[in-house]
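Below: the structure, in C-alpha cells.
The values are calculated or read from the model by the stated rules, or taken from the named source; none is laboratory data. Note that this is a predicted model, so its numbers are computed, not measured. Positions of Cβ are backbone-derived with ideal geometry, glycine not excepted, and every protein chain shown enters the neighbour counts.
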C-alpha cells in the first residue's frame, strides 16, 4: 500500500478512536442524567474509571485474547491467547497490520471498544451496587468475557468461519454488555421503592440536559464506532456507513417519540433519547450491508421496540434505571438478526447463522457475568445497605455531594400531594 | 484525482460533517441554558429531534431540491428538483462527485447543514410555542424553504450566476434561519411578563454552564461548518479558513465584552457568548476571501453590532429569548455585505450583488416562514395557553421536570422583595 | 513531499488544533465544576475570553516571539522577534513550513497551545481575583512570558541546542502555567474561610458532572495536544504517542483512586480526575520517547504524586481551589524529569539537562508572573473585597446568577449539625 493511503487510513482510525473514547463521556452523562442526584458522584466515578480499567486490562490481557492469531476462515477455534502485554509484532509499528494502520492504532481503537461493554452494565445496576463489587466485575468482564467472545468473530474464530456477520458489534459489544447487565439486575434486585405491591413507580432522572448531552456524544461517537469499523478510510465504505448510521439514529428517535406519544399522550424526552440509541445499536451489526430504506426501517423498528421493551421489563419487575437492557440487549439482538432480514446479506440461511451467533454469545456473556456477579455476591457482597441506598451512594461511598448550589435562585415546586390538608413540605419544616 | 487525495478529502469532509453535527448539541445547550428551567425539557426535545427530522426530510426531498442539477454559470434558474429519495448517481458512491468526495459524504454534510436552519428558529420562539406546531413548521422550512433558497447559490442557480458570494452560509443558513425566527416571533408575540407597560424585564436563563458549553461546541462545530465548506482538504484553503474563522470569533467575543461593559458596567457573560457567535456568523460568508486584518475587523464589528441589536429588538418589543435574531439574522446580513466591503472581492458592484442576494433570500425566507406559521396558527394554533406558559411547558407537553435535585446542598438566596414585611418564602412555608 | 502526504499531515494538524481548542472547554468545565456556584459565571467568563485573548495576542506578538527564526542547533539564543502580526512567509501558505503543513495551521495550532497557559492560572486564582486584573495578567503572560520561554526549546533556542527534551510541553506549557499560578496564589492569599486557625476546611466544588465533563474533554483534547506535537501525521509516531498518552491517563486515574482510598477510606472523585490529568501532564514531555511500561509507570507515579501534592499544598496554606499546582506544576516537573529516568533518552546527563530546563523555565515563569501580579496589585489591585468574595463574584462583577432553577423538584438535605436542638434550617425559615 502506498504511504499516503496508509497514513490517511491511520488518521481516520485515530479519529475514530477519539470518537469511541468520547462515548465514555456520553455514557457517563446519560447514566448520571437518568439517575438520581444522590447517586450522581457514584455513577460518574464508575464511568470515569472504566476507560482506564478497560485500557489497562486490555493491554495486559484482552487484546491478545481477542486477536490470538487464528488463521482467517480455516478454523473453528473457540479460544486462543497470544501472550501477556503489548509487544510490537515483527516489522514494527508501521507493519501494515490489518492492511491499513499501525499496531498502536489497532490496540487503542479496540481498547476503547472493550471498555464500552462494562459501561453498558454500569447504568443498569446503578443506584444500588457496591462500588468495589462493580469494579471487580468490570475487570473480569472486560478482561476475559468480552475479548473471548470477540475473538469468535473479529479474531477470526468459529463464528467468523460460519459466516456470522456483526459489522461493529450489535452482538459482540452491545448485547454482550446487555447480557452482563441482565445478570447483574437479576442478582441485585430492584431499587427500593421502584415496585410497591402492584404499583410501578417512576423514579425520575435528575438532569435532562446531562442525558441529552450524553446522547449527542454517543451519536457523535458512533461516527467512530461504526465508521472506524470499516478498518480503513475507504471513501465509499466509510461515508456510506456514516449515512446509514445517522439515518437509523434519526428514524429511531422519531419512531420512539411517536410511539410514546400515542401510548401516553406525552412527549417523553427520555424515550426519544432511547430511540436514537436504539436506532444506533440496531444498525451497528449491518451498517455496511444496508441501503437507505433498510437503514430507515431498522431505525424505525428499533425505536418502536425500545419503547415496548422498557414497558415489558418494568412489568417483569426487572429494574433498569437507564433502559440499558432495552437499548443494548434487545436492539442489539434485533440489529444482529436484521442482517439476515434486510440488506445485502438477507436470507434464511444468514438469519439462522445470526440467531446462532446471538444465542452463543448471549449464553456465554450471561453465563459468565452471572458467575462473576454470583461469586462476588457470596464473597464481597453485591448490594449496599438499605440505609445507604436511601440516603444515596454519594455520601457513603464518596463522602460528598455531586451538587452544591449556593446563591442559585431556587423556586421550589409546591408539593401537590396533600395529606390531611398538610403538605409534605410543611410537615418537614414546620 | 489521485486515490490518496480523494481519500483524504473525503476524511476531512466526514470530520467536518461530525463537527456540524455537534453544532446541534451546541444549539441545544445554548438555547436551554439561556431559557428558564421550567421549559428546559421542551427546548431540549425540539433540539434533539431536529437533526433527525432534518436528515430524513433532506434525504427524501431537500437534497434533490438544493442540488437539482443546474448547469454552473449558464442559467438563471430559480427552481429544480431531481426526484425523491437518495439514489446513487451513475458511477456509484466513489464517483468523485464534487471533484473530491463521495455522494454519501456530500449528502450527510449538506443534511447536517439543513437542520441548523430550524434550530436557529427554535431558540427564538422558545418558551411559548406549541411543540407540534413547531415541529410541523420545522419540517416545512427544512424540506422546502431552505433547499430552494440554497439552490440559488450552492445548487448553481441564479444568484450564483450573478456572482453572489456566500462561502458557508451567512445568508443561506444563518439569515434564512433568522428570518424564519422573526416570522415566528411576530406571530407568537412576547413571553408573558417580558414587557410590562414601559418596562422591559430581564428573563434570565437558567444555566450559564450550559450556555458556555453550547458556545464552545458551536465554535468547534464551525471548524467543520466553514472548514468543510472548502469542499476539499486543500491545505492552504482549509487552514486559512480556520484561522480567519477563529480570529473573527475571538474578536467578536472581546468586542461584545467591552461594548456591554462600557454600556452597563457589568461583564455580561451572555453577551460575550453572543459576541463569539456573532463573529462566527459574520465571517461565514467570506471566510475564504478575507485576510487577517479583515477577519479581526469583521469580528469586532459583529461583536459590537450584536450588543446593540439585542437592545434594539427589546426596544421594538420583539422578544427573542436567546438572541437568535441579533446573532444569526443581523450578523448574517452584515457578514454577507462584508464580502463586498472587505477582502478579495470588495467593491461596489459586489456589494450591490450581495445586497440583492440578502434581499431576495430574506424576502423568500421571511415570506414562506410567515405563511407556514400563519397557516399553522389558524389551524393547529401556535401558542400554548397562558396557564401552560406560566407553569412551564415541561409539565404540560412532557409531564416531567428537567431537573430533580435531591440531596443537593442548596443554600437559597434570601428573597429580597418583601411585601408587608413578610418575605415571599415565609408566606409559602409558614 | 508528495501532495497527498502534505494534505493528510495538514488534516491531522487541523484536527489536533480543534482538539486543543476543546481543552479550553475542558478547563472551563473543570474549573467551574470544582469551585462554588456563586462564582461560576466569573470562572466561565475568564475561560470563555481566554482563547480569544490568546489567539489575538499570539497573532500580534506571541507567534513571532516563539518562532523568531533561530537556526536549529547552531546557536544559544535567548530572545528573538520576527515582527508584529501574521505575514505569509515567502512561498505562501502552502510553503511546506515545518516540512508538513501550512503556515496557517502552524499558527492556529500554536495559538491554541498558548492560551492554555493562562487557563491553568485561571483555576488556581479563582474565587477571589479581580476580573480586570486577571485579564491584564493573562494578556502579558500569554503574549510575552509563554512565547519567550517556548522559543528556548520549540523555537530552536538555547535549551534546544543543549538537548533539553519537552515533547509537547510538560514544562513549556504546564509547569510554566503552574508557576504563574503559584505567583498569583502567593500574592492573593487564601480564600476566606479556607484556613481557620489550625483547621483546613474543605470548600467543595459545586458540580461534579461539570468537573467530569471537563476532564473527559481534556483527555480527548490531549489526543491533539500530544498527537499533534508530532507535527505530522506519521502513522507510527502519532499512534504510538496516543497509546502512551492514554495509558498514562488510565494509570494516573487508577493510582489516584487507590491512593486517596487508602488515605481517607473514601473514593474521592475529584482526586480521580486530578489523577487522570496528572498522568496526562506527566507523559507529555516524553510521550514520543516512552514504551508501554514506562508510560504506565509515569502515569502511576503521577497519580500518587498528585494526591500528596494536594495535601502538602494545603498544609503549606497555599490555597489552590482546583488543584492546578499539583497537576500542572508538580506533575509537569516530574514529567520533564521522567524523560531522563524512563524511556529512550534515560540517562544521568539527560536528567541534568532536564533539571536545568525545569529550573530555567521555572525561574523565568515564576519571576515574570510575580512581577506582573505585583505591579497589578500595586496599581489596579488584585483581590476583590471581602464582601464581594462572600456574596460571590457573580453578583458584583457580572450582576447575575449562574443558575436559576425554577420548577425543579428540590429536596433539601436535612441539616445535620443541630444547635440547641433547632436545626439551622428551622432557624432560617420558622
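Take residue B:181 and decide whether it is at pLDDT 95 or above, surrounded by 22 or more Cβ atoms within 10 Å (Cβ to Cβ) and assigned to a helix (DSSP H, G or I).
Yes.
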Only residues that are touching a helix residue (DSSP H, G or I) at 6+ places or on another chain (Cβ under 7 Å) and either facing chain C (nearest Cβ under 10 Å) or over 24 Å from residue B:117 (Cβ atoms) (or both): list them for the stretch B:264-283, please.
B:266, B:267, B:268, B:269, B:270, B:271, B:272, B:273, B:275, B:276, B:279
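Hey, does the stretch A:49-68 have a residue that's farther than 21 Å from residue A:111 by Cα, within 8 Å of chain C (Cβ to nearest Cβ) and surrounded by 24 or more Cβ atoms within 10 Å (Cβ to Cβ)?
no
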Residue B:19: passes all of (1) closer than 29 Å to residue B:122 by Cβ; (2) at pLDDT below 95; (3) within 11 Å of chain A (Cβ to nearest Cβ) but (2)
When the stretch B:294-351 is checked residue by residue, the ones that are on the phi > 0 side of the Ramachandran plot and either within 14 Å of chain C (Cβ to nearest Cβ) or touching a residue at least 60 places away in the same chain (Cβ under 8 Å) (or both) are B:317, B:323
In the stretch C:380-409, what residues are facing another protein chain (nearest Cβ under 7 Å) and in contact with a strand residue (DSSP E or B) (Cβ under 9 Å, 6 or more places away or on another chain)?
C:392, C:401, C:402, C:403, C:404, C:405, C:406, C:407, C:408, C:409
Failed item in (1) modelled with pLDDT of 85 or more; (2) within 25 Å of residue C:163 (Cβ to Cβ); (3) assigned to a loop (DSSP other than H, G, I, E, B), with residue C:74 passing the rest:
(1)
Could you tell me which of the residues B:157, B:150, B:169 is in contact (Cβ under 8 Å) with a residue 12 or more places away in the chain, touching a helix residue (DSSP H, G or I) at 6+ places or on another chain (Cβ under 7 Å) and at positive phi?
B:169
Expected single match for crowded, with 24+ Cβ neighbours inside 10 Å, out of contact with any strand residue (DSSP E or B) (no Cβ under 9 Å at 6 or more places or on another chain) and at the interface with another protein chain (Cβ under 7 Å from one of its Cβ atoms) among B:44, B:30 is B:44
Return the only residue of C:140, C:186 being more than 14 Å from chain B (Cβ to nearest Cβ), within 27 Å of residue B:293 (Cβ to Cβ) and in contact with a helix residue (DSSP H, G or I) (Cβ under 8 Å, 6 or more places away or on another chain).
C:140
Scan the stretch A:158-177 and give yes if some residue there is surrounded by fewer than 22 Cβ atoms within 10 Å (Cβ to Cβ) and closer than 30 Å to residue A:375 by Cα, otherwise no.
yes
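Residues checked against (1) buried (at least 24 other Cβ atoms within 10 Å of the Cβ); (2) at pLDDT 95 or above; (3) under 30 Å from residue A:9 (Cα atoms):
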residue	(1), (2), (3)
C:196	no, no, no
C:214	yes, yes, yes
C:255	yes, yes, no
C:274	yes, yes, no
C:290	yes, yes, yes
In the stretch B:124-169, how many residues are closer than 25 Å to residue B:337 by Cα and in a helix (DSSP H, G or I)?
17
Out of the residues in the stretch A:227-241 meeting the condition of being buried (at least 24 other Cβ atoms within 10 Å of the Cβ) and facing chain B (nearest Cβ under 9 Å), tell me which one is farthest from residue B:111 (Cα to Cα).
A:233
